[in-house]
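**Q** Sharing a structure, written as structure tokens. Questions coming.
The values are calculated or read from the model by the stated rules, or taken from the named source; none is laboratory data. From a predicted model like this one, the values you see are computed outputs, not experimental measurements. Neighbour counts run over all protein chains shown; Cβ positions are idealised from the backbone, glycine included. Note: areas computed on protein heavy atoms with side chains; ligands, DNA, RNA excluded. Shrake-Rupley method; radii C 1.70, N 1.55, O 1.52, S 1.80 Å.
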Amino acid sequence: MPDAGESREGGRDETFDEKMDRNWTELLQELRVLQTGVQILAGFLLTLPFQSRFETLDGFELTLYLANVVLAALTTALILLPVSAHRRLFRKGLKETLVASADRIAKVALAGVALLSVGTSALVFDVVAGRAAGLTAGGALLAILLALLVLIPNRLRRRAVRG
């Protein structure tokens, strides 16, 4: 029989503190994956102005490019935020607050990575194949990512709750 401080939720025999530590570790792993994706996209974006063809971009393409650079920087900052908060809250007994806020931050950062993927793809298609192709690719990728990152996880959650 578990002690008063232990939880058997999900079949785990762990204390509340152990659960918070495990959740924090899992969140950090997810943020590492997000960080890699943002770094790759940001690195790609940062090389573009040094290409000779960059000077041929029209106003829409330049705006889309700059919006992607800002989005990459903001998403990077979001991914770093839980680590910064952890450093400031370390040993203050606020692990539950840290885990809950990092969970929300990770969801927003995931949306940032998705939008960055959409914007970068739209820019590449626009430059290579034209405006219509860019808008189509961006819209299609947005719909696919919405399904993959929001609709399917929500469906899995509802199915698990019913089961």
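**Q** Kindly indicate whether LEU81 is open to solvent by less than 60 Å² (accessible area, probe 1.4 Å) and not acidic (Asp, Glu).
**A** No.
**Q** Would you check which residues across region 21-72 are touching a Leu at 6+ places or on another chain (Cβ under 8 Å) and aromatic (Phe, Trp, Tyr) and list them?
**A** Hits for region 21-72 are TRP24, PHE54, TYR65.
**Q** Take the conditions of a type in the set (Phe, Trp, Tyr) and surrounded by fewer than 13 Cβ atoms within 10 Å (Cβ to Cβ) and apply them to PHE50. Does it pass?
**A** Criteria met by PHE50.
**Q** Go through region 8-34 and give me each residue that's more than 12 Å from VAL99 (Cα to Cα) and open to solvent by less than 70 Å² (accessible area, probe 1.4 Å).
**A** Matches in region 8-34: GLY11, GLU14, THR15, LEU31, LEU34.
**Q** Right, next: Out of all the residues in region 30-44, which are in contact (Cβ under 8 Å) with a residue 40 or more places away in the chain, farther than 14 Å from LEU115 by Cα and of a type in the set (A, V, I, L, M, F, W, C)?
**A** Result: LEU31, PHE44.
**Q** Something else: Sort through ALA72, ALA147, ALA122, ALA102 and tell me the only one that's crowded, with 20+ Cβ neighbours inside 10 Å, over 30 Å from ASP21 (Cβ atoms) and under 16 Å from the mean Cα position of the chain (by Cα).
**A** From the options ALA72, ALA147, ALA122, ALA102, the qualifying one is ALA72.
**Q** Tell me, yes or no, whether region 82-93 has at least one residue that is touching a residue at least 12 places away in the same chain (Cβ under 8 Å), of a type in the set (A, V, I, L, M) and under 23 Å from VAL118 (Cβ atoms).
**A** For region 82-93, residues touching a residue at least 12 places away in the same chain (Cβ under 8 Å), of a type in the set (A, V, I, L, M) and under 23 Å from VAL118 (Cβ atoms): absent.
**Q** With respect to PHE60, is the statement that it is of a type in the set (Phe, Trp, Tyr), modelled with pLDDT under 95 and open to solvent by 50 Å² or more (accessible area, probe 1.4 Å) true?
**A** no
**Q** Exactly one condition in (1) touching a Phe, Trp or Tyr at 6+ places or on another chain (Cβ under 8 Å); (2) closer than 29 Å to ASN23 by Cβ is not met by ASN154; state its number.
**A** Single failed check for ASN154: (1).
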